[in-house]
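Have a look at the structure below, then the notes.
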Amino acid sequence: MTTATKVNELSGTYTLDPTHTRIGFVTRHAMVTKVRGSFNEFSGSAYFDGDNPANSSGEVTIQVASIDTRNEDRDKHLRSLDFLGLDEYPAITFRTTAITPTGPEAFDVTGDLTIKGVTRSVTVPFTFEGQANDPFGNIRVGFEGSTTVNRKDFGITWNAALETGGVLVGEKVVLEFEVSAIKQDAEPQS
């Protein structure tokens, strides 16, 4: 049962539920199809102030080693210095710098995304999907959002030319977020 229907009713501290959250990505492969993947290990928390969203904050840390495209050879290549550089850069981080309501059930989250040691500002539009009390007594909220980044902006430039023209891996990467978070308390943590 949904107990909150508007973003401004969600004040409190939340922790990501990794078993019910998906952090994924999509990019072009060989100019004709898409490759989808996700990260299976991450942690994150957020404080949301519904009365004054500018006071809100959040942070997510993604373990590069957990990348999963359902192809171990491709995943190994993605972990290498050609792409994410796991040995030198074991984590991808996102730290909010602004949260701006854009409607009664929508908001933009802007923050510093750091991939392979390069930090860029990124804005992700999110939609509030609902709030419910789960069978374990937790208050759970859901959000979905996505945004597109250029991997070259993060120093990820490897590619291979195709005989028919074009390149093997697209520059644009769609980042996808299907978030389930559990409310911890109503006050920000210090």
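Structure summary
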| quantity | calculated |
| --- | --- |
| Whichever residue in the range 133-163 is in a loop (DSSP other than H, G, I, E, B) and of a type in the set (D, E) and, among such residues, is most open to solvent (accessible area, probe 1.4 Å) | E163 |
| All positions within the range 76-102 that are within 20 Å of R151 (Cα to Cα), touching a residue at least 12 places away in the same chain (Cβ under 8 Å) and open to solvent by 80 Å² or more (accessible area, probe 1.4 Å) | E88, R95 |
| Output for the range 51-75, where each listed residue is farther than 16 Å from V124 by Cβ and either among the aromatic types (F, W, Y) or open to solvent by 40 Å² or more (accessible area, probe 1.4 Å) (or both) | D51, N52, A54, N55, Q63, A65, D68, R70, N71, E72, D73, R74 |
| Per-region count, the range 9-40, residues under 12 Å from the mean Cα position of the chain (by Cα) and aromatic (F, W, Y) | 2 |
| Filter result for F48 (in contact with a Pro (Cβ under 6 Å, 6 or more places away or on another chain) and buried (at least 18 other Cβ atoms within 10 Å of the Cβ)) | no |
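The values are calculated or read from the model by the stated rules, or taken from the named source; none is laboratory data. Just so we're clear, the structure is a prediction, and the values are computed from it rather than from any experiment. All Cβ positions, glycine included, derive from the backbone under ideal geometry; neighbour counts span all protein chains shown. Heads up: the accessible areas ignore ligands, DNA and RNA and are worked out on the full protein's heavy atoms, side chains in. Shrake-Rupley method; radii C 1.70, N 1.55, O 1.52, S 1.80 Å.
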